[in-house]
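No lab work stands behind these numbers, since they all come straight from the coordinates. Everything numeric in this text was worked out from a predicted model, so none of it was measured. Every residue, glycine among them, receives a Cβ derived from its backbone with ideal geometry; neighbour counts consider all protein chains shown.
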């Protein structure tokens, strides 16, 4: 269950799900590539902007379901209690090089988050009348 | 990378992504519990009905991204080319007991599948005029 890739993945995960994006980004390579449900993002700034709403607005807490790794990759699945959904599990498969995450395939269901944003937009439109 | 749980998970995965639901269901316990994006399903018949549209209608091919396991659990992430989406990755974390999958936490993005069903319903409504 331990590997350098897994240790880095878990440190990154603890940091971002604890709301410390600066610490989390310390584990991410500058030229990281992220394949997220909405498409590919490149670079640490785009990565941070992707993660920020989850870390800072939506997340209540996470609970690790399983985490495995080998020399250069780690695969984690965790459940997340969020404002939009009581249970919003996600999986991340990260590749680590020279101690930094250079690639992440991030899988989760966008549905509850999209529905939440739609409801908020509708509420905003009603208030703005 | 090998474990009995992982071997069973991979055999199940090969079977269902190869379109052989009967073979896949041979690895599933009768009283399986499945936590899928839309909620919890219980029993092998509900499991099969959940999987059938993916296996029989939507799936073009899958490619394993990573698969790990220990004595009783396995965690897999794979990309799936589907009719609704060129890339529809998923992750499954299965618990194995007595050689059968008794629990699965199944994570994927429902968005492209829901959009596809909406488009099909609209096309059907137009044709039915």
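Quick check: from the Cα gyration tensor, does region B:1-107 come out rounded (a/c under 1.5), prolate or oblate?
Values: a/c = 1.62, a/b = 1.21, b/c = 1.34.
Because a/c hits 1.5 or more and a/b fails to exceed b/c, region B:1-107 counts as oblate.
Assign one of three labels to the protein assembly as shown, namely rounded, prolate or oblate, based on the Cα gyration tensor with a ≥ b ≥ c the square roots of its eigenvalues; rounded applies when a/c is under 1.5, prolate when it is not and a/b is larger than b/c, and oblate otherwise. Could you put the intermediate results ahead of the total?
Values: a/c = 1.71, a/b = 1.04, b/c = 1.64.
Oblate, since a/c reaches 1.5 and b/c is not below a/b.
Taking a point 7 Å out from Cα toward Cβ as the label site, list the nm distances between residue B:86 and the same residue in every other copy, smallest first.
3.9
Please arrange B:31, B:114 by how many other C-beta atoms lie within 10 Å of their C-beta, fewest to most. Provide the component values of the computation, followed by the final result.
Details: B:31 11, B:114 15.
Listed from fewest to most nearby Cβ atoms, that is B:31, B:114.
If we hang a label 7 Å off Cα along the beta carbon direction at residue A:127, how far is it from the matching labels on the other copies, in nm, shortest first?
Here residue A:127 shows inter-copy label distances of 4.4 nm.
Can you tell me the relative contact order of region B:49-107? Whole percent, Cα pairs under 8 Å, sequence separation 6 or more.
Working: 99 pairs, mean separation 14.3, N = 59.
24 percent.
Among A:35, A:71, which comes first, then next, by fewest other beta-carbon atoms within 10 Å? Intermediate values should be presented prior to the final figure.
Numbers: A:35 18, A:71 9.
Going from least to most buried by this count: A:71, A:35.
By the gyration tensor of its Cα atoms, with a ≥ b ≥ c the square roots of the eigenvalues, what is the shape of region A:1-57: rounded for a/c under 1.5, prolate for a/b over b/c, or oblate?
Values: a/c = 1.76, a/b = 1.27, b/c = 1.39.
It is oblate, given that a/c is not under 1.5 and a/b is not larger than b/c.
Go ahead and estimate [θ] at 222 nm for chain A from helices alone: -39,500 (n - 2.57) per DSSP H run with n ≥ 4, summed, over the residue count, rounded to 500.
On the way: 4 runs with 46 residues, N = 129.
Rounded to the nearest 500, it is -11000 deg cm²/dmol.
May I ask you to report, in nm to one decimal and beginning with the shortest, the distances from residue A:99 to the same position in the other copies, taking label points 7 Å along Cα-to-Cβ?
4.9
How far is helix A:4-17 tilted, in degrees, relative to the longest principal axis of the Cα atoms in chain A, given as a value from 0 to 90 rounded to the nearest 10?
20
Expressed as a rounded percentage, what relative contact order does region A:1-75 have, with Cα pairs under 8 Å and six or more residues apart? Display every interim value, and only then the final one.
On the way: 81 pairs, mean separation 32.6, N = 75.
Reported as a whole number, the value is 43 percent.
Give the relative contact order (percent, whole number) for region A:4-127; include only Cα pairs under 8 Å separated by 6+ residues. Mind showing how you got there, number by number?
Values: 222 pairs, mean separation 31.4, N = 124.
Reported relative contact order: 25 percent.
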